Amino acid sequence: MAPKEGLTTALCVSLVFLLILQGAAASSPVKDVIVPPHPVRHSNVTLECHYDIGNSELYALKWYHDDMEIYRYAPGEDPKVLISPNDKVEVLESDQNPETIVLKEVDLSAAGVYKCEVNLDWPDFKVDFKSRNMTVVVIPDEQPNIEGEVSAHYAVGNIVNLTCIAAPSIPAAALVWLINDKEADEEHLIHYPIEKITDGLLVSKLGLSFQLEKKDFINGELKLKCTATIAALYRSSDEHSQQDPTAVATEVRERPTEGSLVKTGSASQHVFGLPLLAALVLANLLW
């Protein structure tokens, strides 16, 4: 093969390879969309849209919240950036990379599906998008609370009947009852419907009901704990712990105090020792 023909062939192969790469990029320009799944209420949230259009021209990059356009970047238009008014979410003005936008102090209404859409200009006229879901969370500032007959004198045979109530949150906290650090059996649990209160916050409840047995007192101690969790964002517990009163009472009855033994022995010495000594001294004097 002549050198000229070999060079032509190499150029053709390179051109075909570049066209394949460009076509692949143009066929799926949006590579990834980053939306925090659980931002905390009243915090600023950053959304990212990463795309690769190769040698194609970008006509517009758009962000949608629940299919309502909230942001548009169009390099060929004036102005390049257009932020659509929205009563559910507010996008901050920014001169940064159009791949990134910031939502201001998100409220519960900002939850939903966020979509990044990339529109290519002539001659491609392709549209590609990816979506992610976001749930705005409200983290409780209190621990769960155990309510019911929280007796200080639970004993074998008593009925435990308690309810664990989580602090208001979004989403509702997941509750777990633990008996001596082991998860309670399902047959001992009472499930209540989640309650919706003011401002849309949710309160979860979980009951615990069972009869105490000897095995429930580990080394004479009973521990009842309720733990509330929200994903990896929140974990808090309330606990009731006590000794078995019957075990304590038996121990006291069977083992008198050391002081009482000493006192009893000392009294015996006074009752029998002193009169005998006095009689011996008087007999010696009369003799």
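Since every read-out is calculated from the coordinates, none of them should be taken as a lab result. For clarity, every value in this text was computed on a predicted model and none was experimentally measured. Cβ atoms come from the backbone with ideal geometry, glycine included; neighbour counts cover every protein chain shown.
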**Asked** Ile139 to Glu186: extension gain in nm, 0.36 nm per residue of separation minus the Cα-Cα distance?
**Response** 14.2 nm
**Request:** Sum up the charges of everything whose Cβ sits under 13 Å from the Cβ of Gly76, counting Lys and Arg as +1 and Asp and Glu as -1, but leave Gly76 out.
**Result:** -2
**Request:** Jot down the radius of gyration and Dmax of the range 167-217, Cα atoms only, both in angstrom.
**Result:** 13.9, 46
**Request:** In square nanometres and to one decimal, what's the mean projected area of the convex hull around the Cα atoms of the range 22-151?
**Result:** 10.5 nm²
**Request:** Between Ala174 and His153, with labels modelled 7 Å along Cα→Cβ, what's the label distance in nm to one decimal, could you check?
**Result:** 4.0 nm
**Message:** Is the C-alpha gyration tensor of the range 61-108 telling us rounded, prolate or oblate? Criteria: a/c under 1.5 is rounded; beyond that, a/b larger than b/c is prolate, otherwise oblate.
**Reply:** prolate
**Asked** Can you list the lysines whose alpha carbon sits under 23 Å from that of Lys104, skipping same-chain ones fewer than 8 residues off?
**Response** Lys62, Lys80, Lys88, Lys115, Lys130
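With a Förster radius of 25 Å, plug the Cβ-Cβ distance of Asn86 and His50 into 1/(1 + (r/R0)^6) and report the FRET value to the nearest 0.05.
0.60
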**Complete:** Taking r as the C-beta separation of Lys104 and Asp32 and R0 as 25 Å, the FRET efficiency to the nearest 0.05 is 0.60
